[in-house]
Amino acid sequence: MNTIRCIALVAALTTLAGCAPRSYQEEPQFGDAVRENRTVQTVNPKGIPPAGPVALDGTSARATVDRYIGTFISPPPPTNAFSIGVGSAGSAPMTVPAALGTSPY
């Protein structure tokens with residue numbers, strides 16, 4: 001009987017702890033950095049469209065459409081994700097002028 005009273009007491013105290021007022025107060029500046037970054041990174045904050053249409057000349061537009069359609073006719077070969085940024089067979093290694101002693105500084 002003593003065990004049942006102990007379990008009932010723990011259950012009652014746990015239930016009452018959920019009713020306790022929280023002591024956390026949100027700071028007045030909470031989230032200001034996020035709101036400021038979002039405002040700075042918005043391209044057109046007022047949402048007004050540009051003054052006129054952005055146009056290409058005929059030659060550039062034709063080349064763009066032909067290149068777009070050509071990707072469906074003969075798609076580029078798939079690339080290996082593990083080789084991105086590693087270099088290719090015909091590329092020369094980067095040189096640092098200061099390390100070679102040819103730096104003007």
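The values are calculated or read from the model by the stated rules, or taken from the named source; none is laboratory data. Quantities reported herein were computed from a predicted structural model and do not represent experimental measurements. So basically every Cβ, Gly included, is an ideal-geometry build from the backbone, and we count neighbours across all protein chains shown.
Remarks
- Going through (1) at pLDDT 90 or above; (2) aliphatic (A, V, I, L, M); (3) exposed (fewer than 10 other Cβ atoms within 10 Å of the Cβ) one by one, I48 falls short only on (1).
- Of all residues making up the stretch 19-43, the number that are exposed (fewer than 10 other Cβ atoms within 10 Å of the Cβ), part of a loop (DSSP other than H, G, I, E, B) and hydroxyl-bearing (S, T, Y): 2
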